[in-house]
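Encoded as structure tokens, the structure appears first; notes follow it.
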Amino acid sequence: HMRLGDGVAGAVLSEGRPVVVRDVAAVPGWDPAPSERSYKTNSFISYPIMVGGRKVGVLNVTDKAGGGAYDELDLGLLDLIAPQMALAIDRAEWRQKATQFQLLSITDPLTALVNRRYLEERLSEEVERSKRHRYSMSFMMVDIDDFKAYNDKHGHQAGDLALEMTAQCLKSALRSADVAARYGGEEFSILLPQTGIGEALVIAERIRRRVERTHFPHDQLQPLGAVTVSIGISAFGVDLDTPASVIYAADQALYVAKSRGKNCVESFEHKALPEAAEKKPSAEKKGSQG
């Protein structure tokens, strides 16, 4: 990073050839005032860094030990060093691209939340961690109420915006350790590590209220006069000790939230039998109607 190198480096990068300057004072227009210099001696080498024939930058070498001028021997040394630098840059770029590709592979492109596959992988990890260390853990299923009607009436662009805005409500209501995902369609899921059912209910109610109070386009035309969500919660326990059972229980609680008027929060009753879900709701109401 050199003010002087801006001009020299630009020429070197453009031509792809190194430049050895033995005395910058002898080069017309290239010698700034001493107070403006970022180097001490009058000699430097500007060397192009190439990666597979692609110009990626310029290495500027200044302030030779002893204060002498750089020469062809110094340039020969850079001929040996520069390819190693180019290789390191190339590897760093590939690592960065791999990280970007990895993020793209686990991210829902519309909402910028993680996708269902990643969420389920994290859920499996958290279930095992909860078993080993006896940690509490909660899980939520969140569904936008009457979304199909909203999407059909106002169009897919409005529907996509509603999904994006709901995702923002979720993210703003959660803690850094929580994992929110777009589970599919208008449904979201949230993993709450080391969180008991009581704390999960507080977070869920915060989400419900935040969505209800957010102004969405056309929200006043919704059946409840606002865009709202229903939330079902389950918690890791003796009879909910697999990822599938945790998801199923949260989904059952969500079903009950929908059947009781929507815009509310329900939690799964561990003792309830799955097959009795329709006759005897396997959830305990913990929220309030919007």
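The values are calculated or read from the model by the stated rules, or taken from the named source; none is laboratory data. Please read all numbers here as calculations on a predicted model, not as lab measurements. All Cβ positions, glycine included, derive from the backbone under ideal geometry; neighbour counts span all protein chains shown.
Could you check, for region 187-202, whether at least one of its residues is among the charged types (D, E, K, R) and at pLDDT 95 or above?
Looking for residues that are among the charged types (D, E, K, R) and at pLDDT 95 or above, one finds at least one in region 187-202, hence yes.
Scan region 125-157 for residues that are under 23 Å from LYS258 (Cβ atoms), more than 22 Å from the chain's Cα centre (by Cα), of a type in the set (Gly, Ala, Ser) and surrounded by 15 or more Cβ atoms within 10 Å (Cβ to Cβ) and the total you get is 0.
A quick yes/no check of all residues on (1) among the β-branched types (Val, Ile, Thr); (2) at pLDDT below 75; (3) closer than 23 Å to ALA11 by Cα; (4) loosely packed, with under 10 Cβ neighbours inside 10 Å:
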position	(1), (2), (3), (4)
ASP31	no, yes, yes, no
SER35	no, yes, no, yes
GLY52	no, yes, yes, yes
LYS55	no, no, yes, no
ASN60	no, no, yes, no
MET85	no, no, yes, no
LYS97	no, no, no, no
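Residues of region 131-178 that are assigned to a helix (DSSP H, G or I) and among the β-branched types (Val, Ile, Thr): THR166 alone. Picking from residues in region 219-259 that are closer than 28 Å to GLN157 by Cβ and modelled with pLDDT under 95, the one that is surrounded by the most Cβ atoms within 10 Å (Cβ to Cβ) is GLN222. Within the group ARG175, ARG122, which residue is over 27 Å from SER259 (Cα atoms) and either surrounded by fewer than 16 Cβ atoms within 10 Å (Cβ to Cβ) or not basic (Lys, Arg) (or both)? The conditions single out ARG175.
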